[in-house]
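Written out below as structure tokens is the structure these notes cover.
The values are calculated or read from the model by the stated rules, or taken from the named source; none is laboratory data. Since the structure is predicted, the reported quantities are computational estimates derived from the model, not experimental observations. Note that we place each Cβ from the backbone using ideal geometry, even for glycine, and neighbour counts take in every protein chain shown.
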Amino acid sequence: MRILFVAAPLQGHLLPLVPLAAACRDAGHDVVLASDGFPPDVLGLRTAAIGARFSLPRSAIRVALRRPRLARAELRGTAGVGMVGELFGRANRALVDPLLALAGRERPDLIVYESLSEAGAIVAGRLSVPSVLQENTLWPATELFRAVTASAAFRGQHVPEPDLTIAVTPPSLRDAPAAGGIMMRPVPFSGGGAVPQWLLGPGERPRVVVSRSTLDGPNSGDPGRAVLAAAAEVDAEFVLVRPAASTKLPAGVRAVGRVPLDRVLPHAAAFVHHAGAGSVLGGLAAGVPQLATPGAGDRRHNAGLLARRGAGLAVPAEAISAADLSRLLTDGALRAAARQVAAEIAGMPAPATVVPSLERLV
């Protein structure tokens, strides 16, 4: 079976597809990842670049000019799916033609696409092949599908409903049960990178891993500056991953480049980040208490889910204090809840067990 996996050319969108794509490849299927800006490691999968004309900033400017109130709400993280639907509706138009050309060469039997890559659904419809919608955020995939396909940019397009939807958000974090489809374990995958030996085991003091978004932009929620200011008052070792600026680090703080967080977090006592969906799910899979910074896009939603579940704190980046960081390390209830969700994730179906469901569609 030939399977085309489609993601917007943004690593936060692509990386969650890689474990299922690799499971399909390992089951004997011919798999291609269609996206762009690929990380150093995609588990040996074949890739195809389709994002030459894709520009999220350009799409954001055009949508913001037409709907400024919606754009301001999006920067606060209070726009729901309104802005993201318009934004990715426009951005997806740039993916349709190169994806069609790729599909003409690859002749896929099945197309799997992520929550905000509905170009995959359009191409599946034109080829009359089944399609699968894989959730890759903490928003229900079906809500994002409806938001994109109802956008102004998709008006007049025939977009078939997916033949199968895969949900990855743990049930205890969902605002409502997943409607239909099947569940799959969110497998953390960070796209490779070398790991210093000292990060592959616990440190002499509790270790706090501090990360930031792979996208730079307004209200990006980078917690690095506040953590640096508070670090001296906290009995911990802080590790800044890809810090935004090179500066003299205080005692107890170290910096590293890109590292696979799925290998680093199991040895950490806490995780501080920008509230991206991949970071939240990665921290939960490791059973680590988290501090997530609410902000633009889905980040307020993600941080709120984490805090309501009791597995972490939602604190604005500029307001992070030594007291917050100390609580993250000492609050037993946070740690217990994080471990409960980790056990929940471990009990969800692994990607390899989902492959037969894909095979039955063809």
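What residue, among those in the range 162-174 that are surrounded by fewer than 19 Cβ atoms within 10 Å (Cβ to Cβ) and in contact with a helix residue (DSSP H, G or I) (Cβ under 8 Å, 6 or more places away or on another chain), is farthest from residue 119 (Cα to Cα)?
By that ranking, first place goes to 172.
Looking only at the range 207-222, count how many residues are at pLDDT 90 or above and within 21 Å of the chain's Cα centre (by Cα). So that I can check it myself, show each step before the final result.
To start, the set of residues in the range 207-222 that are at pLDDT 90 or above comprises 207-211.
Still in the running and within 21 Å of the chain's Cα centre (by Cα): 208-211.
Residues flagged as at pLDDT 90 or above and within 21 Å of the chain's Cα centre (by Cα) within the range 207-222 amount to 4.
Taking residue 108 as meeting all but one of (1) within 19 Å of residue 13 (Cα to Cα); (2) buried (at least 24 other Cβ atoms within 10 Å of the Cβ), write down the number of the exception.
So residue 108 meets the others, but not (1).
Can you tell me which of (1) touching a Gly at 6+ places or on another chain (Cβ under 9 Å); (2) buried (at least 20 other Cβ atoms within 10 Å of the Cβ); (3) in a loop (DSSP other than H, G, I, E, B) is the one residue 334 doesn't meet?
(3)
Would you call residue 356 free of Cβ contacts under 8 Å to residues at least 40 places away in the same chain, farther than 23 Å from residue 267 by Cβ and either charged (D, E, K, R) or surrounded by fewer than 16 Cβ atoms within 10 Å (Cβ to Cβ) (or both)? Spell out the reasoning first.
Details: free of Cβ contacts under 8 Å to residues at least 40 places away in the same chain: yes; farther than 23 Å from residue 267 by Cβ: yes; either charged (D, E, K, R) or surrounded by fewer than 16 Cβ atoms within 10 Å (Cβ to Cβ) (or both): yes.
Considered against the rule, which asks whether it is free of Cβ contacts under 8 Å to residues at least 40 places away in the same chain, farther than 23 Å from residue 267 by Cβ and either charged (D, E, K, R) or surrounded by fewer than 16 Cβ atoms within 10 Å (Cβ to Cβ) (or both), residue 356 comes out as yes.
Given the options 187, 168, 195, 159, name the one that is closer than 23 Å to residue 287 by Cα and over 20 Å from the mean Cα position of the chain (by Cα).
Numbers: 187 fails: over 20 Å from the mean Cα position of the chain (by Cα); 168 fails: over 20 Å from the mean Cα position of the chain (by Cα); 159 fails: closer than 23 Å to residue 287 by Cα.
Every option except 195 fails the conditions.
For every residue, the table says whether it meets (1) without any contact (Cβ under 8 Å) to a residue 24 or more places away in the chain; (2) within 15 Å of the chain's Cα centre (by Cα); (3) assigned by TED's automatic domain parsing to the domain that holds residue 337; (4) surrounded by fewer than 23 Cβ atoms within 10 Å (Cβ to Cβ).
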{"position": "205", "(1), (2), (3), (4)": "no, no, yes, yes"}
{"position": "224", "(1), (2), (3), (4)": "yes, no, yes, no"}
{"position": "255", "(1), (2), (3), (4)": "yes, no, yes, yes"}
{"position": "275", "(1), (2), (3), (4)": "no, yes, yes, no"}
{"position": "296", "(1), (2), (3), (4)": "no, yes, yes, no"}
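Would you mind stating whether residue 235 is surrounded by fewer than 17 Cβ atoms within 10 Å (Cβ to Cβ) and farther than 19 Å from residue 15 by Cα?
Numbers: surrounded by fewer than 17 Cβ atoms within 10 Å (Cβ to Cβ): yes; farther than 19 Å from residue 15 by Cα: yes.
Yes, satisfied.
Sort through 90, 62 and tell me the only one that's crowded, with 18+ Cβ neighbours inside 10 Å, under 19 Å from residue 149 (Cα atoms) and either of a type outside the set (A, V, I, L, M) or in contact with a Lys or Arg (Cβ under 9 Å, 6 or more places away or on another chain) (or both). It would help to see each step written out before you state the result.
Numbers: 62 fails: crowded, with 18+ Cβ neighbours inside 10 Å.
Criteria check complete, one pass: 90.
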